[in-house]
Amino acid sequence: MTKNVKTSTRTATSGSKPSRSAAELEAILNAIDQTQGLVELGADGEFVTANETFANLTGYSVDELEGKRIFSLLTEASVSALRKVWDELRHTDQAQVHLTLNTKTGTTADVDATVLPWLDKTGRLTKVTVFAVDTTTVEEARQKLSQFSAAVDGTQTAMMMVDRDFVVTYANKRTFDMLRANLDEFRKVWPNFNPDALLGTCIDIFHKNPKHQRDLLADASRLPYQTRIEVGPMKFALQVSAQRDAAGNYVGNVLEWSDITEQCKQELLNSDYRGYFAAIDRSQAVIEFEMDGTVIGAND
């Protein structure tokens, strides 16, 4: 089986743009060959030629692909998607389709494919060229992000992420629910506040002295940092942690918000009770008895 798709070029004619040199064309084709899967298929989808890049995606050798039909390598959903494209190839110059390949090792590989039809003079499909770009890592990242979002959105903690410029890059559902539920209170402090425009907003607008927060978070060794903040009558516990990329670089912060307004009210009430009982303790004799009259405690 031929390992590389053969191509041909036209020489420049009078009045046309100068053609690229053979060396330039070869360099371009080599770059494509090394970075993209490139296959030529017969009208029925049988492999005619394939490059090593595509073969590596499938886990098969180039020779092992010989005699196979591309449909046999695809997931059920991708078979349907490619057949739909295939049926339209007589009426288009090219088509794009996302495909998932079943590899020899039992895993899958995702590709974005550009499909080019070749027709004879009667309009009959004779062969198909496919350029395939590996998007497996992109799909894996999307899946991980989806799983992360589902997990974070399911928590009862309002969570927000900002980059090193303090621009909001993510907020979970709990954050938006909290902001919308207390919108009137937030707008008493920030009249133009709009929770729907939170993403992409710099959090400097929420601070009277943004430099203080920037200086505090400039050094990741100071994190995590915990504090309490007030928005009108509302009180929040805030924890700020460092966010790092795969290489360990400090790339932003994770902010976790907890509405502790009712908790603070109870703490204040408990404090009042403690003060009340302390006053009684200082001004009156207090004795505790068992049911049989035995003294078990008394103040001074």
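Every number in this text was worked out from the coordinates using simple rules, so none of it is lab data. Remember, it's a predicted structure, so these values are computed and weren't measured experimentally. Positions of Cβ are generated from backbone atoms using ideal geometry, with glycine treated the same way; all protein chains shown enter the neighbour counts.
Brief remarks follow.
- For L119, distant residues with modelled amide H under 5 Å away: T126
- For the stretch 75-85, Karplus couplings with θ = phi - 60° (6.51, -1.76, 1.60), whole Hz, Gly/Pro x: 5, 4, 5, 6, 4, 4, 5, 6, 5, 5, 5
- Scanning residues 5 or more positions from A50 or on other chains, those with amide H under 5 Å from its amide H are N4, E40, with H placed 1.01 Å from N in the peptide plane.
- Between I229 and T155, the FRET efficiency estimated from the beta carbon spacing at R0 = 35 angstrom works out to 0.95.
- Distance violations [Cα-Cα > 19 Å] among K68/K127; K235/K265; K68/K121; K173/K265; K188/K235: K68/K121; K173/K265
- When only alpha carbons are used to place a centre, the stretch 37-58 and the stretch 70-95 end up 14 Å from one another.
- Full-extension gain in nm, E52 to S80, via 0.36 nm per residue minus C-alpha separation: 7.5 nm
- Given in Å, the Rg to one decimal and the Dmax to the nearest whole number for the Cα atoms of the stretch 22-140 are 14.1, 43.
- Cα radius of gyration and Dmax for the stretch 154-259 (Å): 13.5, 42
- Amide hydrogen proximity for G59: with H placed 1.01 Å from N in the peptide plane, the residues at 5 or more positions away or on another chain lying under 5 Å are K104.
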